[in-house]
Amino acid sequence: MLDVEELFRLYGNDVLRMCTVYLGKQSLAEDAFQDVFVKVMTRSDSYRGESEVKYWLLSIARNVCLDYLKSSYMRRTSFLGDLLDKTKPTSEEKKRIKPLPGNTVEDRLIEAIDQSNPLLDAVQALPPKYKDVILLRFYFDMDNEAIAKQLGITESTVRSRLMRARAKLKDWGKE
C-alpha cells in the first residue's frame, strides 16, 4: 500500500507543474492536482510496480489533464485569461522580441518551465502528443526508452515526436 502523504510530499510539485503546463490555467491545474491525489488515494492498489512511482503519478496527472481538456466544460467556458490573450503581441511584435538565452531549444525549454516565459506558451500550444514527449524528456529527464514505456509507444515514435516538437519550437521564435 502506498503512503499518499509521502507521495504528496515528494512529488506534489512535479504533479502541479505538469498540470499547469497542460492546462495553462493555475486554477484548473490546482483542481486537476487535487483530482490526481484523490485518484491515488482511492486507487493506490492499482500500482503494479512496473515503473517508478513518480512516473505512475505523472501518467495519472497526464490522463486527468487530458480529461479536463476534453470536457464539455472546457469547450463551453470562456475564461478571463482567454480575453486577455487577445492583447498578446502580434507577429510583428514577436519578431522584435530577443531570443531567449541558451544555445538550444532544450536549454530554453528547461529554463521556461521553471520561470514564467513565452516559450512555455509555445509548449502549451503544442498538440498533446508533442507536449507529452517534450515534458517527459526535458523536464522530467526521462530517456527515450522510459518515455516509450510510459506512453505505450515505440522508441522510434518517441524520437520522431521529439524531432517534430523541437522543430515546432524552433520555428516558434521566427513567427
Order these by the 10 Å Cβ neighbour count, fewest first: Met41, Met18, Met142. Met41, Met142, Met18
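Would you mind getting me the FRET efficiency between Val53 and Ser27? Use the beta-carbon distance for r and R0 = 35 Å, nearest 0.05.
Numbers: r = 27 Å, r/R0 = 0.77.
E between Val53 and Ser27, to the nearest 0.05, is 0.85.
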Based on the Cβ-Cβ distance of Met163 and Glu6, what FRET efficiency does E = 1/(1 + (r/R0)^6) give at R0 = 35 Å, to the nearest 0.05? 0.40
If a/c stays under 1.5 just call it rounded; otherwise compare a/b with b/c (prolate if a/b is bigger, oblate if not). Do that for the stretch 113-167, with a ≥ b ≥ c from the square roots of the Cα gyration tensor eigenvalues. prolate
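Among Thr42, Thr157, Thr20, rank each residue by its count of other Cβ atoms within 10 Å, from fewest to most, as a rough exposure measure.
Taking fewest neighbouring Cβ atoms as first place, the list is Thr42, Thr157, Thr20.
All of the numbers you see were taken from the coordinates with simple rules; none came from a lab. No experiment lies behind these values; they were computed from the predicted model shown. All Cβ positions, glycine included, derive from the backbone under ideal geometry; neighbour counts span all protein chains shown.
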